[in-house]
Structure formats: C-alpha cells, structure tokens
1. If I filter the range 251-264 for residues that are open to solvent by 20 Å² or more (accessible area, probe 1.4 Å), outside any helix (DSSP H, G or I) and in contact with an Asp or Glu (Cβ under 8 Å, 6 or more places away or on another chain), do I get at least one hit?
2. State the number of residues belonging to the range 103-122 that are touching a residue at least 60 places away in the same chain (Cβ under 8 Å), of a type outside the set (Lys, Arg) and open to solvent by 20 Å² or more (accessible area, probe 1.4 Å).
3. What are the residues in the range 214-229 that are among the charged types (D, E, K, R) and either in contact with a Gly (Cβ under 7 Å, 6 or more places away or on another chain) or exposed (fewer than 11 other Cβ atoms within 10 Å of the Cβ) (or both), if any?
4. Among all residue pairs at least 6 apart or on different chains, which show Cβ distances below 8 Å where the first residue, located in the range 250-274, is farther than 20 Å from ALA22 by Cα and the second is of a type in the set (S, T, N, Q)?
5. For the range 181-213, how many residues are open to solvent by 70 Å² or more (accessible area, probe 1.4 Å) and without any contact (Cβ under 8 Å) to a residue 24 or more places away in the chain?
6. (1) open to solvent by 70 Å² or more (accessible area, probe 1.4 Å); (2) within 27 Å of PRO126 (Cβ to Cβ): which one isn't true of LYS232, the others all being true?
7. For the range 60-79, name all the residues that are open to solvent by less than 60 Å² (accessible area, probe 1.4 Å) and over 15 Å from the mean Cα position of the chain (by Cα).
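The values are calculated or read from the model by the stated rules, or taken from the named source; none is laboratory data. Note that the coordinates shown come from a computational prediction; the quantities given were computed from them, not determined experimentally. Cβ atoms come from the backbone with ideal geometry, glycine included; neighbour counts cover every protein chain shown. Remember, those area values only see protein heavy atoms, side chains included, never the ligands or the DNA or RNA. Shrake-Rupley method; radii C 1.70, N 1.55, O 1.52, S 1.80 Å.
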Amino acid sequence: MTRTARRMFELLEPVCLVTYFADECNEELAALGHRTYWDGYFASRAAPLGRVPAQVVHAAFYSFADGEAARHIPSAWETIPPEASVAARERGSAASVRRILGDELADSPGLVRAADLTTKAATNAPTEGRVMYAGMRTLPVPSDPVARLWHSATMLREHRADGHVAALVGARIGGTEAHVLDALARGIHPPESFGRIHHLPKERLAAVMDGLRGRGLVDADGRFTDAGRETKQRIEALTDELAAPPYDALSPAELDELVAELEPLTATLVAAGSR
C-alpha cells in the first residue's frame with residue numbers, strides 16, 4: 001500500500017496543481033475581490049477550517065515562514081466570506097481541468113469512474129490528527145464529475161500533506177528546513193535559490209543553513225551529507241506510509257481500474273504543465 005500511495009500521489013497531484021498554475025482559479029478569486037494571488041491562496045485553502053486565527057493557519061500549513069500567514073489572514077476574510085472563497089476555488093479549478101482535458105476526456109466514462117473511485121478513497125480515511133483533511137471532509141462533494149475528481153484529489157492531497165507534516169515534526173525538520181531538503185533532492189544548488197524560499201531574508205536563510213550544518217544534514221558547501229539524504233528519504237517513506245489508509249477502501253481490482261482511468265487524464269494535465 002505504500003507503493004500504491006506513491007503511485008496515486010503521482011497520478012492525482014497534477015489534478016490538484018491546476019489550482020496553482022492555471023488561470024481560472026486566480027480569475028475566480030480575483031473576481032471576488034482578493035487583491036493578490038496570495039490573498040486568494042490563503043483564504044481559499046484555509047477556509048474549510050473556518051475563521052481561525054493566522055497562528056492556526058500557520059501551524060496547519062507548516063511550510064510558510066513566520067508572519068506570512070498573518071499578512072493575509074484574517075484580512076482576506078474581512079469582506080469576502082470563507083465559503084465564497086472555497087466555492088470560487090472549486091469553480092476555477094474544475095474549469096481548468098475541463099479546459100485542459102477537453103470535452104472528449106472530461107465527459108468520458110473513464111473520468112466519471114476515476115472521480116467515483118477517488119471519492120470513495122477520499123471519504124473513507126480517518127480524520128484524527130489530519131486537520132486540513134478534516135476541514136475538507138466538512139465540504140459537500142460536488143455532483144459534477146470533473147469538479148468531484150478535483151475535489152476528491154484535493155482531499156487526498158491534504159490528507160497526504162497532514163501526514164507529511166507529522167513526518168517532518170517527527171524528524172525535527174521545520175518548514176523552511178523542509179524546503180531546503182526538497183531543493184537539494186531536486187538538484188537545486190544553492191538551495192537558498194529555491195523559489196519557495198529565495199525571497200526570505202538572507203539572515204533567516206543563513207540561520208537555517210547553519211542549523212542544518214550543525215546537525216550534519218548538509219555540508220560546508222550546502223549540499224546533502226549522507227545523513228541529510230537519509231533523513232529526506234526517511235521522511236518521504238513515512239509520508240507514503242501515512243498516506244496509504246484512504247486506499248484501503250478500494251479493492252485491488254478497483255485500484256488497478258483507478259490507475260488505468262487516471263493515466264490518460266494525468267498525462268494530458270502534465271503535458272499542459274501541471275506538475
């Protein structure tokens with residue numbers, strides 16, 4: 001099931017990523033009145049948690065630097081209800097998936113079956129310890145198959161992310177440190193140039209790198225040590241293990257069917273840049 005969880009992540013992640021790379025979601029959120037991309041991002045992703053303080057959003061999202069959530073929460077909700085942001089994100093994301101897939105794939109029996117099986121997995125995992133996933137579970141599942149596929153894939157993404165946070169906490173790797181390890185795993189050097197962290201103050205990045213060096217996870221040149229590489233691999237392996245429970249709801253035959261139905265959909269999304 002650990003291998004299954006990794007394979008399903010590879011197949012479903014491109015369905016979710018249209019939210020962040022395609023235009024429709026941003027346009028829907030801007031039309032509501034969100035002033036910037038990040039206002040819309042924080043408001044729409046955090047909205048299933050309710051009107052929680054920025055500190056709670058920061059804790060749940062985990063990977064953002066101190067103060068980043070507070071620049072958008074709660075101000076992004078002051079004139080735009082969280083429910084409206086959730087609905088706009090869903091509309092825009094589903095529209096992106098439909099446009100990229102085209103009518104032939106979007107209206108195919110294979111997509112309907114993929115949506116049904118993904119929803120079965122996404123609605124049958126325990127919520128304990130899964131804050132973002134539990135928030136998503138409170139939302140209604142869309143009836144439209146394209147929207148349902150996106151919604152359920154996003155539920156599974158948040159379920160996996162909750163487990164990833166648990167794995168990082170267990171390894172004593174903070175959010176910015178996680179981005180450094182991810183950058184090195186991607187072959188990005190220096191890791192401080194990674195797009196998720198390059199904007200942070202140089203003093204903050206230097207302190208993070210010094211801390212990783214002190215723990216023997218990166219060397220003097222800012223590259224992985226053996227211990228750092230092993231730590232990253234252990235975190236990823238545990239993330240896969242913790243992401244497996246939703247797929248217990250599917251029989252082996254259903255899992256095989258889901259993979260087969262998702263493969264052409266994912267290939268089309270990846271070809272369009274959703275990776």
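1. No, because not a single residue in the range 251-264 is open to solvent by 20 Å² or more (accessible area, probe 1.4 Å), outside any helix (DSSP H, G or I) and in contact with an Asp or Glu (Cβ under 8 Å, 6 or more places away or on another chain).
2. Applying the first criterion (touching a residue at least 60 places away in the same chain (Cβ under 8 Å)) to the range 103-122 yields 105, 110-111, 113-114, 117-118, 120-122.
Imposing the further condition that a residue be of a type outside the set (Lys, Arg) reduces the set to 105, 110-111, 114, 117-118, 121-122.
Adding the requirement that they be open to solvent by 20 Å² or more (accessible area, probe 1.4 Å) leaves 105.
Qualifying residue count for the region: 1.
3. Hits for the range 214-229 are ASP221, ASP226.
4. Note: pairs meeting the criteria are LEU255/THR4; LEU258/THR118.
5. The total comes to 8.
6. (1)
7. Listed by number, the residues that qualify are ALA65, GLY67, GLU68, ALA69, HIS72, ILE73, SER75, ALA76, TRP77.
Let's see how each residue does on (1) at negative phi; (2) touching an Asp or Glu at 6+ places or on another chain (Cβ under 6 Å); (3) at pLDDT below 95:
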position	(1), (2), (3)
ARG6	yes, yes, no
THR36	yes, no, yes
GLN55	yes, no, no
HIS58	yes, no, no
ASP66	yes, no, yes
ALA76	yes, yes, yes
THR79	yes, no, yes
ALA84	yes, no, no
